[in-house]
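Q: Here it is, the structure in full.
The values are calculated or read from the model by the stated rules, or taken from the named source; none is laboratory data. Quantities reported herein were computed from a predicted structural model and do not represent experimental measurements. Every residue, glycine among them, receives a Cβ derived from its backbone with ideal geometry; neighbour counts consider all protein chains shown. With ligands, DNA and RNA removed, areas are computed over all heavy atoms of the protein, side chains included. Shrake-Rupley method; radii C 1.70, N 1.55, O 1.52, S 1.80 Å.
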Amino acid sequence: MKPKTPRALAVDLLLQVEEGARAQLLLDRVLDRLPWPERDKAYATHLVYGALRRLYLLDFLLEPHLSRPEGLPRAIRWVLRLGALEWLLGKADHARVHPWVEEAKARHPRLAGLVNAVLRRLAPREAPPWVRLSLPEWLLKAWEGFFGDLSFAEALNEPAPLFVTAYREVEGLPPGPLPESFVWPGPKADFPALGLQPQNPASLFAAKLLEAQPGERVLDLCGGAGLKAFHLAARGAEVISYDLNPKRQAAGRKTAERLGLKVAYRTQDLRAPLGEKAPKVLLDAPCTGTGTLRTHPELRYRLSPEDPKKMARLQRALLETAASAVEEGGLLVYAVCALTEEEGEGVVRAFLQDHPEFALEPFACPFPVLREGLGVYVAPLGGLDGFYYARLRRAKL
Ligand SMILES: C[S@@+](CC[C@H](N)C(=O)[O-])C[C@H]1O[C@@H](n2cnc3c(N)ncnc32)[C@H](O)[C@@H]1O
């Protein structure tokens, strides 16, 4: 694929996201190989994320001007949406309409006139909240019922800083909300070479909750590439990271080596019991990712109302494995980057009912909080991912 302009690239990538690709992975892979100026890469990124974060609203704005949008070629629908996005963001007509008409001409010349007419006719329209926020209606209803407030939701559509966790002394980087967390101001770089690992502070905090000590054995369950394991290893703990996905683990192994950290990786389906125990266990369970809709904006269109319940069943099974691996008196941290009742409080409530030998251990959360009591829900504000954490202590017999 050799797109000539950021606009053409954005349309091509959005077509792939529509077919199931993940926007962030796709952008990382494609932009890495393009010898374009950073400005052009940033513009393509802005278009892709902008369209995905506002999709319902863009279609709503286009609706009065199209008799049968679903009959249009998919590329033209993205051209229209991207033109509407730039209108929404206040770009002047002369800079906005012509380039998108040219883009339409290059793909479907006979539809260039339609694109021109529609993009010139756009007008403000009062949208219901779920359309304005471009979030599934069922999710907003669930959030309103559970958190009692929706004011955090707008932040999921705002660009966020790139946070990095530092594994070496760094100078000159603006600090993030945790001591080892910083904001990376420039284009992406060879981060491990600089002793840095891109990571949201809310993700780093899940690992910090274990308060790992030098020499202590720690199990990192559902560790993926091991981002949380890196923090635990940097504290001097002996870390064993388990996951189902050997590819992620291979990537993690490479990064750990480059960061100078020691993590042991083991591949296993954690629905089956583990053959070992440790005083500290972290379970960063797979989830709906509803706290990460800013970085993964396409996820919201793939979720169904049954997903939180389905994920909660898997999480409950994984928590069972994790709990049986905790030594007496030991600590278990359960974390998900999800903002649903089912995957957070729901899982932990059911777990505590079945396991009187575990009790919640309170902690101070350094982030804005949406809800707390039975664990803590972090608000996805200031570029933070939304997270749920529960810290559980196993009684000594
Ligand atoms: C939230 S991600 C983990 C992210 C990772 N802890 C980090 O900080 O980068 C969830 C992980 O669970 C893994 N997973 C899903 N189902 C699993 C299972 N049944 N057994 C083991 N790992 C599983 C996925 O491969 C994925 O890497």
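Q: Among the numbered criteria (1) open to solvent by 10 Å² or more (accessible area, probe 1.4 Å); (2) at pLDDT 95 or above, which single criterion is violated by G373?
A: Of (1) open to solvent by 10 Å² or more (accessible area, probe 1.4 Å); (2) at pLDDT 95 or above, only one is false for G373: (2).
Q: Quick test for you: out of V369, V336, V376, pick the one residue that is away from the ligand (no atom under 16 Å from the Cβ) and in contact with a Cys (Cβ under 6 Å, 6 or more places away or on another chain).
A: Exactly one residue qualifies, and that residue is V376.
Q: Inspect the range 250-259 for any residue being open to solvent by 30 Å² or more (accessible area, probe 1.4 Å) and touching a Phe, Trp or Tyr at 6+ places or on another chain (Cβ under 7 Å) and give the result as yes or no.
A: Within the range 250-259, one or more residues are open to solvent by 30 Å² or more (accessible area, probe 1.4 Å) and touching a Phe, Trp or Tyr at 6+ places or on another chain (Cβ under 7 Å).
Q: Which of (1) within 12 Å of the ligand (Cβ to nearest atom); (2) touching a Ser or Thr at 6+ places or on another chain (Cβ under 6 Å) does D307 not meet, given it meets every other one?
A: (1)
Q: Looking at the range 196-211, which of the residues that are out of contact with any strand residue (DSSP E or B) (no Cβ under 6 Å at 6 or more places or on another chain) and more than 9 Å from the ligand (Cβ to nearest atom) is least open to solvent (accessible area, probe 1.4 Å)?
A: Top of the filtered list is F205.
Q: Pairs under 7 Å by beta carbon, first residue within 18 Å of F387 (Cβ to Cβ) and assigned by TED's automatic domain parsing to the domain that holds L332 in the range 207-233, partner crowded, with 24+ Cβ neighbours inside 10 Å and modelled with pLDDT under 95, six or more apart or different chains?
A: Between residues of the range 207-233 that are within 18 Å of F387 (Cβ to Cβ) and assigned by TED's automatic domain parsing to the domain that holds L332 and residues that are crowded, with 24+ Cβ neighbours inside 10 Å and modelled with pLDDT under 95, the close pairs are D220/G226.
Q: Can you name every residue in the range 212-249 that is of a type in the set (A, V, I, L, M), within 22 Å of the chain's Cα centre (by Cα) and open to solvent by less than 20 Å² (accessible area, probe 1.4 Å)?
A: Of everything in the range 212-249, those that are of a type in the set (A, V, I, L, M), within 22 Å of the chain's Cα centre (by Cα) and open to solvent by less than 20 Å² (accessible area, probe 1.4 Å) turn out to be L221, A229, L232.
Q: Report, ordered by the first and then the second residue, all pairs with beta carbons closer than 6 Å, sequence separation of six or more or different chains, a first member in the range 141-166 that is of a type in the set (D, E, K, R), and a second member that is open to solvent by less than 50 Å² (accessible area, probe 1.4 Å).
A: These pairs meet every condition: E144/L150.
Q: Checking L384 against (1) within 16 Å of the ligand (Cβ to nearest atom); (2) assigned to a helix (DSSP H, G or I); (3) not basic (K, R), which single condition isn't satisfied?
A: (2) is the only condition that L384 fails.
Q: With the condition kept exactly as written, say whether any residue in the range 215-232 is away from the ligand (no atom under 12 Å from the Cβ) and among the β-branched types (V, I, T).
A: Yes: the range 215-232 contains one or more residues that are away from the ligand (no atom under 12 Å from the Cβ) and among the β-branched types (V, I, T).
Q: Report the residue count in the range 274-289 for those that are more than 20 Å from G329 (Cβ to Cβ) and either within 6 Å of the ligand (Cβ to nearest atom) or without any contact (Cβ under 8 Å) to a residue 60 or more places away in the chain (or both).
A: Residues meeting the conditions: 6.
Q: Here is a follow-up. Exactly one of (1) open to solvent by less than 50 Å² (accessible area, probe 1.4 Å); (2) closer than 27 Å to G223 by Cα is unmet by P161. Its number?
A: Answer for P161: the failing condition is (1).
Q: Just one of the numbered conditions (1) surrounded by 22 or more Cβ atoms within 10 Å (Cβ to Cβ); (2) within 14 Å of the ligand (Cβ to nearest atom) is not true of P297; which one?
A: (2)
Q: Going by the conditions given, is A335 of a type outside the set (F, W, Y), open to solvent by less than 10 Å² (accessible area, probe 1.4 Å) and free of Cβ contacts under 8 Å to residues at least 60 places away in the same chain?
A: In short, no.
Q: Give the residue that is nearest to T5 (Cα to Cα), with candidates limited to residues of the range 54-68 that are part of a helix (DSSP H, G or I) and open to solvent by 30 Å² or more (accessible area, probe 1.4 Å).
A: Per the stated criteria, the residue is D59.
Q: Hey, another quick one. Going residue by residue through the range 130-137, is there one that turns out to be surrounded by fewer than 18 Cβ atoms within 10 Å (Cβ to Cβ) and either of a type outside the set (S, T, N, Q) or within 22 Å of A21 (Cα to Cα) (or both)?
A: yes
Q: Does E306 fit the bill of being open to solvent by 40 Å² or more (accessible area, probe 1.4 Å), without any contact (Cβ under 8 Å) to a residue 60 or more places away in the chain and among the acidic types (D, E)?
A: Yes: the conditions hold for E306.
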